[in-house]
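Below you'll find the structure, written out as structure tokens, and then a few comments.
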Amino acid sequence: MELPCRLPQDALLKPGALGALLGRLRGMAQAHGDIRTVIVCAFDRRTRMLPFVYADKRMAPAGVRAVGAAMAAAGFDRTRIVLQQWNANFQPSRALLDGAAPDILMISAMNIHTAPAKALIRDACRIPPAHRPLVIAGGPKAIYEPWDLFSCDPSDRWGADVAVTGEEYVLLELLERLLGERRRGEPVRQAFIRGRDKGLFDSVAGLVWRRDADGASPELVDTGVQRLLSDLDELPHPAGAYSMLEPPGRGAGLSSRALPAARVRRYSPLGSLVLTFGCAFSCEYCPIPAYNQRHRRAKSGARVLDEMTRLYREYGIRYFFGTDDNFFNDRDRALEVTDALARAQVGTRALRHTIRWGTEVTVHDTLGMAEHMGTVRKAGVRALWLGVEDMSGVLVRKGQTADRTIEAFKLLTSHGICPMPMMMHHDDQPLVSRKDCRGLINQVRMLRGAGAFGLQILMLTPAAGSSSYERTYESGAAIDSAAGRPVKPHMLDGNYVTASRTDMPWKKQAGMLSAYLYFYNPLRLVAALLRVRRPMYAADVLMQVLGMWGLVKTLRRTLPWLLRLWRGPLSRAKTAPTARVNMVTPWPPHAAQSRPPAPPAHPQRTSRTRTR
Ligand code: B12
Ligand code: SF4
């Protein structure tokens with residue numbers, strides 16, 4: 001099921017609302033100057049493989065940085081960002097920031113990083129309640145499956161105090177109410193519990209917490225879907241958060257100082273930057289359009305320029321990755337950004353000689369930008385990741401026929417931009433086809449011939465929050481376990497075949513590995529090395545080396561799964577994972593009608609939702 005949308009007139013925050021909230025919080029932060037916050041990005045090392053094997057560790061994620069930037073802009077400077085990618089042994093219970101335990105612990109996670117996120121929460125829950133930080137969970141896991149971050153088992157009590165199912169504004173609104181309630185010197189968690197029981201947070205859209213009424217079974221209170229920030233220029237500048245990063249290390253605690261600015265580039269040479277959010281397509285396996293409540297949001301060209309140049313000057317970061325869902329989708333906005341960057345100088349040189357960047361787009365929208373591709377290149381764009389999926393259009397039709405895909409690839413290479421295809425393998429796609437281009441290997445060969453530098457092949461895997469999610473489970477395609485090994489969240493990254501209607505899903509797993517091997521192999525590396533005159537020579541060689549390194553990791557991790565799929569038996573899931581307890585609104589049923597909104601009918605997220 002997709003996340004519901006608020007009513008159109010109530011879906012967006014009022015212009016200036018975020019700035020005003022930040023202003024109010026800065027005033028409060030002075031009065032509560034003692035607050036220490038640790039923000040942790042959960043990371044499961046078992047997910048280290050193709051196609052993200054370099055980016056996963058060398059690009060400090062934008063989510064935790066955005067939260068850190070919001071805290072800094074609200075006046076809470078005593079904030080540290082810990083990336084488990086760099087600090088695998090970190091334990092909240094051992095953390096001391098400026099000599100004292102944190103007051104607030106924030107945990108950010110994607111679904112595939114659920115296991116370490118839960119371990120972090122459990123560790124925090126081992127701290128005696130009187131000293132425990134307020135535990136706030138956020139990020140994609142909390143957005144789509146907040147219920148999984150709370151244990152409602154009375155014999156095994158752990159869980160976040162509250163999950164934020166939205167963005168910066170939701171967190172800051174929660175903090176404003178919380179600090180309004182907090183007495184000087186009082187533990188933040190204690191103030192939260194009192195405020196929660198008084199109903200202070202009931203009208204903050206975008207929160208979930210556990211309610212344990214006396215004698216009744218526990219339930220989760222869900223305040224509904226967030227309101228979205230429309231003009232992304234209002235967001236706090238991302239520069240501040242880079243100076244909050246915990247230096248990489250093996251310890252369980254925190255260092256006395258954050259990573260110095262001069263060393264940021266060494267560990268995070270790639271900078272991820274929010275440029276736009278949203279996409280006007282509606283692929284049934286994708287939760288993104290619904291998450292954005294069918295809105296497309298963007299930063300202005302001037303703001304993007306300011307962010308890139310400031311991050312370059314302060315931290316030396318030269319390579320950026322736009323965290324776009326589909327950058328070219330809003331053509332005018334994309335042109336505004338690329339025009340601004342194409343005209344810009346960094347010092348005495350054009351920006352493109354200093355700063356290079358790439359992002360995600362679709363074939364259709366790339367062709368729509370054909371006449372402006374020169375400007376795109378001048379703006380510093382050197383690589384574009386294209387959602388090719390299956391070129392034959394059997395899986396999804398979004399304007400990406402084989403001919404159009406090849407045309408788009410040639411357009412990019414002719415402008416010196418590396419095309420990076422993102423393919424999605426599925427049950428109806430053969431490994432090889434004889435008379436047409438349906439086969440996976442056929443398509444990989446065509447894409448390589450048309451100039452593809454890198455390759456991403458993921459198996460179609462049910463994504464929480466997409467319209468086909470429940471259907472995939474109910475159809476019996478989703479695999480629960482193979483040869484006794486259950487499917488765990490870290491395996492839901494598209495690298496493992498965890499959903500297939502076929503009787504022999506191991507063939508799909510083997511097919512993906514063969515296609516990768518066809519693309520990344522020593523012969524191709526030698527060929528790439530020999531083609532010295534080929535444009536973008538170095539990029540091609542580098543991608544082959546990286547690809548082979550990633551493929552070794554991918555083989556090591558997914559081959560045992562392939563063998564289990566082959567050996568069987570396979571057990572199939574019948575229903576999609578869902579909340580095991582009731583999710584309720586904080587308001588009585590009659591009040592709910594005057595409360596923020598409903599998709600067609602109600603702002604909550606699971607079919608088990610009911611009003612109190
Ligand atoms: C850029 C991107 C990537 C990049 C970089 C990821 C990174 N680690 O930085 C790359 C290409 C490497 C990547 C890889 C993958 N990605 Co990706 N990616 C994105 C994308 C497009 C943008 C993410 C981003 O940086 N956004 C900008 C930041 C600011 O937003 P944010 O992270 O959501 O954080 C905001 C809120 O969530 C919240 N928040 C976040 N953390 C916290 C914590 C607290 C305490 C609070 C209060 C709030 C909060 O506040 C933030 C500010 O608004 C999103 C889609 C999207 N638009 O969100 C998918 C997305 C995050 N990716 C997704 C997936 C599945 C993957 C992959 C598994 C590949 C795949 N199968 O598609 C891999 C996993 C790699 C790995 N080993 O970790 C899914 C996650 C789904 C889920 N339920 O967990 C998403 C949501 C796309 C989707 N399908 O909907 N991805
Ligand atoms: S084009 Fe990409 S971002 Fe847009 S709905 Fe389809 S999969 Fe999602």
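Every number in this text was worked out from the coordinates using simple rules, so none of it is lab data. Keep in mind that this is a model prediction, so the values were computed, not measured. A quick note on method: Cβ atoms are made from the backbone with ideal geometry, for glycine too, and the neighbour counts reach across all protein chains shown.
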Over the alpha-carbon set of region 8-230, divide Rg by the Kirkwood Rh and report the Rg/Rh ratio to two decimals. 0.95
Taking Cα atoms, the helix 62-73 axis meets the longest principal axis of the chain at an angle in degrees (rounded to 10) of 40 degrees
Integer Hz, Karplus 6.51/-1.76/1.60 couplings in order for region 296-307, x for Gly and Pro: 10, 10, 7, 9, 7, x, 4, 5, 4, 4, 4, 5
Protection-proxy order for peptides 99-110, 486-497, 241-252, each taking the mean of Cβ atoms within 10 Å per residue, highest first: 99-110, 486-497, 241-252
Which residues does a label at Phe52 reach in region 465-495, if reach means a backbone N under 12 Å from a point 7 Å past the Cα toward the Cβ? 490-495
Phi-based couplings in Hz for region 548-558 (Karplus 6.51, -1.76, 1.60; Gly and Pro marked x): 5, 4, x, 5, 4, 5, 4, 4, 4, 8, 9
At 0.36 nm per residue, minus the direct Cα-Cα distance, what do Asn89 and Leu563 gain on full extension? Give it in nm, one decimal, please. 167.5 nm
Please compute the contact order of the chain in relative form: average sequence separation of alpha-carbon pairs under 8 Å and at least six residues apart, divided by the residue count, as a percent. 16 percent
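Quick one: if the Förster radius is 35 Å, what FRET efficiency do Arg183 and Glu470 give, using the C-beta to C-beta distance and rounding to 0.05?
Numbers: r = 46 Å, r/R0 = 1.31.
Computed FRET efficiency for Arg183 and Glu470 comes out at 0.15.
When the helix-only estimate is applied to the chain (DSSP H runs of n ≥ 4, each -39,500 (n - 2.57), divided by the residue count), what is the mean residue ellipticity at 222 nm, nearest 500 deg cm²/dmol? Each step should come with its number before you reach the end.
Numbers: 21 runs with 216 residues, N = 612.
Helix-only estimate at 222 nm: -10500 deg cm²/dmol.
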Considering amide H positions built from the backbone, and no H for Pro or chain starts, which residues 5 or more places from Ser466, or on another chain, come under 5 Å of its amide H? none
For the chain, take the longest principal axis of its alpha carbons; what is the angle in degrees between that and the long axis of helix 188-198, to the nearest 10 within 0 to 90? 70 degrees
Search the structure for amide H atoms under 5 Å from the amide H of Ile107, placed 1.01 Å from N in the peptide plane, and list their residues when 5 or more places away or on another chain. Val40, Ile136, Ala137, Gly138
Say R0 is 35 Å: what FRET efficiency, to the nearest 0.05, do Ser433 and Leu542 get from their beta-carbon distance? 0.65
If you build the convex hull over the alpha carbons only and average its shadow over all orientations, what do you get for the chain? Give it in nm² to one decimal. 27.3 nm²
Assuming R0 = 25 Å, what is the FRET efficiency of Arg294 and Val394, from their Cβ-Cβ distance, to the nearest 0.05? 0.45
Degrees separating the helix 17-31 axis from the principal Cα axis of the chain, which is the longest one: 50 degrees
J(HN,Hα) series, region 326-340, from Karplus relation 6.51 cos²θ - 1.76 cosθ + 1.60, nearest Hz, glycine and proline x: 6, 4, 7, 4, 9, 4, 5, 5, 4, 5, 4, 5, 5, 4, 4
Using a simple spin-label model with points 7 Å from Cα along the Cα→Cβ vector, what separation in nm is obtained for Lys553 and His415? 3.1 nm
